[in-house]
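Encoded as structure tokens, the structure appears first; notes follow it.
The values are calculated or read from the model by the stated rules, or taken from the named source; none is laboratory data. The structure displayed is predicted, hence computed values, not measured ones. So basically every Cβ, Gly included, is an ideal-geometry build from the backbone, and we count neighbours across all protein chains shown. What goes into the accessible areas is simple: the full protein's heavy atoms, side chains included, and nothing from ligands, DNA or RNA. Shrake-Rupley method; radii C 1.70, N 1.55, O 1.52, S 1.80 Å.
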Amino acid sequence: MFKCKIENTKNNILTLTQDETNYQVLSITGLNPPKAQINTSTVAGLDGAKFNSSKLQSRNIVITLKINGDIEANRISLYKYFSTKEWCKFYYENEHRNVYIDCYVETFECDFFTNSEIAQISLICPNPYFKDMQEIIDDISKALSAFEFPFAFGDDGATNVGIDGTTDEAIEFSTIETTRVTDVVNNSESKTGLIINVEFLKNVNKLLIKNTGTGEEFTIDRTNYGGFIKNDKLIIDTNKGNKSITLIRNAEEINVFPSLKKGSVFFQLDIGDNYFSYLADDGNNDEGIAITFNHYTVYGGV
């Protein structure tokens, strides 16, 4: 059993399955892993060819459905969701996966002069991977929770409990582990990009994020631009085709690409474990930032 929905540019969603009163899905193609493009070259004296590179081609989803009920009205209603050249979002759910993919409508073909009207809709997906509906968020802050609230309750109600910070009885609210490494697990069927959200809790000039497994580093140095200030937010998008570095300050978005240190790498999550750490002002202000890594599990097919 499967479910299929489509979302248009107005964020209106039409369910194409589970109710055949208006539409009956006859087939959907393009749900398998997409075709790969393998680039090779021939070399004199070498049998076969030499591999150069490979990539996945765009995904082409074709939906064939029968229009029921008030056929003309229902066909015209479909135009609102499948407007040629426009963006749409295709949702698909079965027993094991609940995913979506961004598409553009290539064609909408329908034979008006038949008793049983069949529509065939072709969707092109530039990014061929399906994304899981559930976003994964990993906190890579070095601040470790260590707080236990001192509390007593007697016949007279709640009472204050005094804490002497000079004794061994003092309770820590949190601790900073300067060598902490966070594991970000990618359960996808491919490498994938991510969005790194950084919130500044105090003034910081330089931020370095490191993949400790590969040695790759990403450094933003704002020393010559006045640094980051408290309540600034930094959004780093490492997804291919959408790479960006945006500073949000007082509701204003600022492109801070000029602050990117030469040699910095826009991280791609390998399949499985990925280990990250960071330094703020060379480790002097690590407690001054909070970082989350946001990514989606991606699939080649459903």
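The table below gives the values:
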read-out	value
Counted residues, the stretch 15-41 - those being out of contact with any helix residue (DSSP H, G or I) (no Cβ under 8 Å at 6 or more places or on another chain) and assigned to a strand (DSSP E or B)	13
Tally, over the stretch 113-131, of residues that are open to solvent by 60 Å² or more (accessible area, probe 1.4 Å) and without any contact (Cβ under 8 Å) to a residue 12 or more places away in the chain	2
Only listed residue being open to solvent by 30 Å² or more (accessible area, probe 1.4 Å), more than 18 Å from the chain's Cα centre (by Cα) and either within 30 Å of LEU56 (Cα to Cα) or at pLDDT 95 or above (or both), chosen from ASN203, ASN284	ASN203
Matching entry among TYR225, TYR296, TYR275 (being more than 30 Å from PRO126 (Cα to Cα) and among the hydroxyl-bearing types (Ser, Thr, Tyr))	TYR225
Top-ranked residue in the stretch 189-200 [being open to solvent by 60 Å² or more (accessible area, probe 1.4 Å) and outside any strand (DSSP E or B); ranked as nearest to ASP139 (Cα to Cα)]	LYS191
Looking only at the stretch 82-104, and only at residues there that are in a strand (DSSP E or B) and acidic (Asp, Glu), the one that is surrounded by the most Cβ atoms within 10 Å (Cβ to Cβ)	GLU93
From the options LYS35, LYS50, residue that is surrounded by fewer than 13 Cβ atoms within 10 Å (Cβ to Cβ), under 25 Å from the mean Cα position of the chain (by Cα) and not aliphatic (A, V, I, L, M)	LYS35
Test: residue in the stretch 139-154 that is open to solvent by 50 Å² or more (accessible area, probe 1.4 Å), at pLDDT 95 or above and part of a strand (DSSP E or B)	no
Any hit, the stretch 256-266, residues being farther than 21 Å from GLY213 by Cβ, within 24 Å of the chain's Cα centre (by Cα), modelled with pLDDT of 95 or more and in a strand (DSSP E or B)	yes
Failed criterion for SER244 (all others in (1) out of contact with any Phe, Trp or Tyr (no Cβ under 7 Å at 6 or more places or on another chain); (2) in contact (Cβ under 8 Å) with a residue 60 or more places away in the chain hold)	(2)
Candidate set: the stretch 42-74, residues that are of a type in the set (Gly, Ala, Ser) and part of a strand (DSSP E or B); chosen: the one farthest from LYS85 (Cα to Cα)	SER53
Options GLU7, GLU109; residue that is open to solvent by 70 Å² or more (accessible area, probe 1.4 Å) and not aromatic (Phe, Trp, Tyr)	GLU109
Residues being open to solvent by less than 80 Å² (accessible area, probe 1.4 Å) and of a type outside the set (S, T, N, Q) - total across the stretch 20-30	4
